Amino acid sequence: MTTSAPGRARALLDASLPAPGEPRLLALSWLIKTVGSGLYLTTSTLFFTRVVGLPVHQVASGLTVAGIVALAGAVPLGRLADRFGPRRTYSVLLGVQFATMAALAYARTFPAFLGLILVFLLAEQGSTAARGALVATVGEGAERVRLRAYLRVVTNIGITIGAAASALVIQADTDTGYMALLWCTALTYPAAAVPLVWLRSRRTRPAEEAGRTGSGWQVLRDRRYAALTLICGVLSLQAQVLSFAVPLWVLRHTEAPPVLVSGIVAVNTVMVICLQIRFSRGAEDDRRAARMCRNSGIALFAACALVAFTGGMGGWPATVLLLLFAAALTFGELWLSAGSFGLSFSLAPEGMHGQYQGFFSLGRGAAAAVAPVLIAVLCLGDHPREGWLALGALFAVAGAAAPLALRVRAPSLSTAMK
């Protein structure tokens, strides 16, 4: 029996989307939020410097200080998601982000900017933990990892849409345009909360028991989870290689055409959108997820080795090697995302996903904080080739440690209560 063309088209569409119901609602919410992220990432610095009138060094220092301080809120806010339910906590934090983003439109002094951006980034840390806990309640096992992979794809699509939409405002370069765009960004937060209304509110029994017995801080006693958080945090430095190192390296250290910076980003984006779900298959198994992290370290070492030899190289050879670097870097990202999806969920006790997801985000947050200085010293300093190879070795060692970290014994709930 043959299938009609409309039937095949519908089957293909269903296969490319999350499962109907709650997973699809969560993906829609995340798409709306990441469109706002794309708008914010591309124009926020321009707004704060041109409209607000803050010097560049104040904007940079304010964002750095607020980002580091906000890391402290990840676990406590994640614990709130365990206690009051991830849907409710996530919705409230989206409301906080809307209020602070709207207020930033009228901030005209550095203290006002610093205070508001600190609250905004605290809410962002908490929403990351609450959203992870929400994913854990919507799916289980392979379904949970697959949904997280879909959200990763949605992230790239949403940010791309937001960045493209902001191009017209950047081209016009007017205060009114930047103000309107900031308000559009703010409105994406309550809009992202709307699909959550149709999600069931869940509070699991283990979380309630943990809150009464005092084991609500178990993640701080879980050495295995801490080790894997550190490992995945080190491997997540690859994101800063793409956003921080690549533009400076291509323009200052190679003879490749400047447009190649956009080409590298495009290769990364397309590969993640097309391959992330496929790479995430099997990540619900702890050993396979750890091997994915190991593969990530190998791929990232290969990427660093490739880019290390492009310094001072002529246009076409440098272009070829940099495109191979982009592919290797993205393979490392795909394996890391898949492995970290699986491990961060499966190793967290049921009912404690909020605090565990909050703790896991500390690895990525700390890596993002130290990456500019580390990468500048190693890869953009006086001995860049050796620095790139050293960074690659760091990636390889971190990846190799992931399977070993699984052997560390995790604390039991009864131990945590003592």
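Taken together, the values in this text are just the output of simple stated rules run on the coordinates, not laboratory data. These numbers come from a predicted model, not from an experiment. Cβ atoms come from the backbone with ideal geometry, glycine included; neighbour counts cover every protein chain shown.
When the charge dipole of the chain is built from unit charges on Cβ atoms (+1 for Lys and Arg, -1 for Asp and Glu) and taken about the Cα centre, the candidate among Leu334, Val92, Trp388 whose Cα reaches farthest toward its positive end is Val92. Helices in the chain that qualify as membrane-span-like (whole DSSP H runs, Cα extent of at least 30 Å along the helix axis, mean Kyte-Doolittle hydropathy of -0.5 or higher) are 22-46, 110-138, 141-172, 286-308, 315-346, 353-379, 384-405.
Between Phe110 and Val320, the distance separating the two model label sites (each 7 Å from Cα on the Cα→Cβ line) works out to 5.1 nm. When the chain is treated as a GNM with alpha-carbon contacts under 10 Å, the residue of Leu41, Leu168, Leu147 showing the greatest mean-square fluctuation is Leu168. Its DSSP H runs of at least 4 residues, each contributing -39,500 (n - 2.57), put the calculated 222 nm mean residue ellipticity of the chain at -26000 deg cm²/dmol, to the nearest 500. Placing +1 on the Cβ of every Lys and Arg and -1 on the Cβ of every Asp and Glu, with no other charges, gives the range 19-203 a dipole of roughly 640 debye about its Cα centre. Note on the chain: with charges restricted to the Cβ of Lys and Arg (+1) and Asp and Glu (-1), its dipole about the Cα centre is near 1180 debye. Compactness of the range 19-203 was expressed as the Cα radius of gyration divided by 2.2 N^0.38 Å, which yields 1.04.
Principal semi-axes of the equivalent ellipsoid, √(5λ) from the alpha carbon gyration tensor of the range 47-123, are 27, 14, 7 Å from largest down. With just the Cα atoms defining each centre, how far is the range 137-158 from the range 262-286? Give it in Å. If we compute the Cα centre of each part, the gap is 12 Å.
Excluding the site residues themselves, the longest part of the chain lacking any chymotrypsin sites (Phe, Trp or Tyr not before Pro) in a DSSP loop with at most 16 other Cβ atoms within 10 Å is 107-308. Sorted from greatest to least, the principal axis extents spanned by the alpha carbons of the range 218-407 come out as 54, 33, 24 Å. Would you work out which of Pro55, Thr43, Val153 lies farthest towards the positive end of the dipole of the range 19-203? Charges go on Cβ: Lys and Arg +1, Asp and Glu -1. With unit charges placed on the Cβ atoms, the residue in question is Val153. When the chain is modelled as a GNM with alpha-carbon springs shorter than 10 Å, which of Ile170, Ile157, Ile264 fluctuates the most? In the Gaussian network model the winner is Ile170.
Here the extension length gained between Val65 and Val197 equals 44.1 nm, from 0.36 nm per residue of separation less the Cα-Cα distance. In a Gaussian network model over the chain where Cα atoms closer than 10 Å are linked, find which of Gly354, Gly315, Gly132 has the largest mean-square fluctuation. The residue that fluctuates most here is Gly315.
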